[in-house]
Each structure stands twice: as C-alpha cells, then as structure tokens.
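Asks: Structure provided below as structure tokens; questions to follow.
Each value in this text was obtained by applying a stated rule to the coordinates, not by laboratory testing. Note that the coordinates shown come from a computational prediction; the quantities given were computed from them, not determined experimentally. Glycine also receives a Cβ, built like all others from the backbone with ideal geometry; neighbour counts cover every protein chain displayed.
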Amino acid sequence: MGTKQDVLAMARASKGASLVLGNTSTGEKNRAIKLMAKNILDNSAYILRENKKDIKSAESKRMKSSLVDRLALDAKRIHGMVSSLQQVAKLEDVVGKITQIRKRPNGLLIGKMRVPIGVIGIIYEARPNVTSDCVGLCLKSGNSVILKGGSEALNSNIAIFKCLRNALSKTSIPQEAIALITSKERRAVTELLKLNEYIDLIMPRGGEGLIREVAKNSRIPVIKHYKGVCHVYVDEYADLNMAHKIALNAKIERPAVCNAMETLLVHQDIAWRFLPVIAHDLKKAGVQIRGCKKTAAILKGIKKATEEDWYTEYLDLILSIRVVSDVNEAIDHINTYGSHHSDAIVTENYDNAMNFLAKVNSACVYVNASTRFTDGYEFGMGAEIGISTDKLHARGPVGLEELTTYKYIIFGTGQIRT
C-alpha cells in the first residue's frame, strides 16, 4: 500500500468515513474504543511477538539503545496502551458541545459548536504505542485517521492496527475511518502530503529531519510535533534535594523521549554545591556530561559544550550543563536555544517562579516539577496525538479538544438584515 493510486483511494475512503464518524453517537464511539482496548489486551502476546521482530532488526542495524527503547514494547507498555484507550473512552465528548452563546440586539442567538476537523494524517517514527493512542483520540473526536509509521516499527504497527480494525468491525463505524499505510517507500508520504482535497490536517511526530521535510512539502496544514530541547533551571533559591530528584528524573527516566531534559542550567551561587553531587549520579547512570567553561572548572575532565550542543536534542544519555548568573540569563538561554517544548524552574522564590512562567516562551512551563510530565495521559487527556510546539491552532499536548474545530450556529425568529 504505497502507490499513488493506493494512497489516493485510502484518502477518499477516509473522507467518506469521516462524514459518518462525525455524526456517530458518543456511546457508539466509546464502545468501539473499549473494544479496541480489549482486543489489544487479548492479543498482547501476538503484538509482543511482532515487536520482537522489529527489535531484532533494529539491533542488527546497531540502532542506539535509547532508540531501541522507544521501539520496544513489554507487558507494562501494552497495559499503558490499554489504559490510555480506556481513559479516552471515559473522557467527555467535546463534539457537538455548544459554547459562548450570546444574544444580539435583533434577537439572534449566536454560539459556537465543536465539530471534528475531518481527516487527520499522522506521520510518526519508532514508538508503536502512538498507533493506538492516535486511533483512540481521533475516533473519539470524530475524525478519520491515516497513519504512516516508521519502517523500524512496521511489524508492531501492523499487529496493533489489526487489533484496532478488528474491534471496529464489530461496530457501526466504517472500518475506513482508520487506515495504515504499510509501504516502506518514501513516495507514500510524498503522495499523502499532496491530498489536501481529502485530508484536513497533518501531524508529524519524529526527528527534526522528518518534521522539516513534512512541513516543507505538505499542501495540507501541519501541526508540528517539533524536537524537545527541554531545560531544567536550578535557581539560587532551590531546594537542592528536590532539584536533584527532578533533574535526574528529567534526564534518565526515559532519555529518548521528547520531554526529557537536554540542558541543565544552574545558578552560579549554588553551582559548587549542586553540580558535583548531581554529576556523580548522572555519571553513575551512564550520562555523558558536556559543560560551559564555568561548569568545566567545577567538573574536571568533562567535554566542553559547543554552540551546537545548546541547540541539540540528544535523545540519549548526554547532557549539556551551563552555569548562569541569574534567572533572567536562564530565561534568555531557554528562549534562544530551546525548542519551545517543555522547560522547568526549581525554586522556592515566588517572584523568580512567576518571572520564569511569564517569560519562557514554551508550550509547557513548570515550577518544581519534572519536564517528563508533558504528556496527554499525565495531563488527564487520556493520551495525545503529539506535543505541538506551534502556536496555531493547538499548543502543548494535542488531545480531544485540539482535534476539533468549531462552527458558528445561529438561531433566529425570522430576522432579516436591512
């Protein structure tokens, strides 16, 4: 499934299915999503067998261990997929919700109604759980979805998709509402990006190269799940025990994900106390440290950070550290080098915290918490399609509401304009 005709046929079928799905009852959508969760759980052994094929292939190609981790499924991650779908089924359905009703002097009642976007194309790499997360959210928000996963996860994606499609066949929702492009050929993506007549939105999830290519070549509006150059700033007023726990979690819990910390910023007044302790535990966890001149004076033998390092999303056990003079220098660094994804301050000073919240130009800004919480599930959204670093029309985790748009609805009693 990758020729121009194949992709075109899929898009046409998705468009037709979206017209049915957009008017499907909440109860039927929830039933479909619950059946999907059950099917994944019941077929977890099959999914794990197929995932092992992808892992074996990735290891034979000597992929980095952090990227293999993104690809790998186990019982816990299967349970996470199931739980995510179950949470989405429990969420309030935003489709059809009417808000902001106001009465005009002529008696007209004008409001906004939430409606599905239509057909959403999602292009993603590595993480097979994205397949079920995206299908669940798109289904609940009334959108058809066309998925194009990375070739490195093809066996896993096909297995998960089969479980989802089988569950959908037991409902009144057209099976064409969810589709998976299985071709490994690059032209499949090229053709998909041309079909603005049938597809309403594209969301790329993956490396910087993929996202830039999609944004450059798409005729369809794109919401970019851009790279995550995330920061933690340890302020002079920080609780250093708290800062230690947050920094370790943000870097080593899952280093290959977009909300992991890539740069640690430390106030100069506490750097001599904090850096040797945190560096000891980072190195113990296998983290390679790169630092500025002031950091290198404290942590002997580390690699010097280059200008490029401050811009880099390592997705690995590598961390850049910079010592700064105050909160404003930390903010300037983040706004200059960051990707506007997720950034955190650790401080007990209210003014510094509020200054950081106000001035850091990122989708998610934290006070005294790890950046690893930037996730639709953790935000109570059930799951997310991606983390938007754009400002239009969605920002941060893209969940149900962000997967809808609105139309104006007007109630009259025979008014005419004069």
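Asks: Would you mind checking the tilt of helix 129-140 against the longest principal axis of the Cα atoms of the chain, expressed as 0 to 90 degrees and rounded to 10?
Replies: Once rounded, one gets 40 degrees.
Asks: Also, quick follow-up: Test of understanding: ordering Met261, Met81, Met63, Met10 by Cβ neighbours within 10 Å, fewest first, what list do you get? Write down the numbers at each step before the final one.
Replies: Values: Met261 29, Met81 26, Met63 17, Met10 22.
Lowest to highest Cβ neighbour count: Met63, Met10, Met81, Met261.
Asks: Now a separate question. May I ask which residue of Gln288, Val266, Asn349 lies farthest towards the positive end of the charge dipole of segment 230-373, with charges of +1 (Lys, Arg) and -1 (Asp, Glu) on Cβ and the Cα centre as origin?
Replies: Selected residue: Gln288.
Asks: May I ask for the longest run of the chain untouched by GluC sites (Glu not before Pro) that are loop-located per DSSP and have at most 14 neighbouring C-beta atoms (other than their own) within 10 Å?
Replies: Values: sites that count: Glu92, Glu185, Glu197, Glu253, Glu348, Glu378.
Longest run free of exposed loop sites: 254-347.
Asks: Turning to a different aspect of this structure: Going by how many other beta carbons lie within 10 Å of each one, how would you line up Leu35, Leu392, Leu108, fewest first?
Replies: Listed from fewest to most nearby Cβ atoms, that is Leu392, Leu108, Leu35.
Asks: Given N residues in segment 347-418, what is its alpha carbon radius of gyration divided by 2.2 N^0.38 Å?
Replies: 1.69
Asks: Here is a follow-up. Where does the chain land on Rg/Rh, using Cα atoms and the Kirkwood Rh?
Replies: Details: Rg = 23.3 Å, Rh = 22.8 Å.
Looking at the chain, the ratio lands at 1.02.
Asks: Within the chain, what percent of beta bridges assigned by DSSP are antiparallel, to the nearest 5?
Replies: On the way: 14 of 53 bridges.
About 25 percent, rounded to the nearest 5.
Asks: Relative to the longest principal Cα axis of the chain, at what angle does helix 240-252 sit, 0 to 90 degrees, rounded to 10?
Replies: In the chain, helix 240-252 runs at an angle near 60 degrees to the longest axis.
Asks: Rg(Cα) of segment 49-116 divided by 2.2 N^0.38 Å?
Replies: Ratio of Rg to 2.2 N^0.38 Å for segment 49-116: 2.14.
Asks: Turning to a different aspect of this structure: How many times 2.2 N^0.38 Å is the alpha carbon radius of gyration of segment 47-180?
Replies: Values: Rg = 19.1 Å, N = 134, 2.2 N^0.38 = 14.1 Å.
Relative to the rule-of-thumb radius for its length, segment 47-180 sits at 1.35.
Asks: When you count, for each residue, the other Cβ atoms within 10 Å and take the mean per peptide, how do 94-103, 70-79 rank with the highest first?
Replies: Working: 94-103: 13.2, 70-79: 16.8.
With the highest mean Cβ count within 10 Å placed first, the list reads 70-79, 94-103.
Asks: Run down the lysines and flag those whose C-alpha is under 26 Å from the C-alpha of Lys170, throwing out any fewer than 8 positions away in its chain.
Replies: Here the lysines satisfying the reach criterion relative to Lys170 are Lys15, Lys29, Lys34, Lys38, Lys90, Lys140, Lys148, Lys162.
Asks: Can you tell me what the convex hull of the Cα atoms of segment 230-373 projects to on average, as an area in nm²?
Replies: Values: hull surface 28.0 nm².
Averaged projected hull area, Cα only: 7.0 nm².
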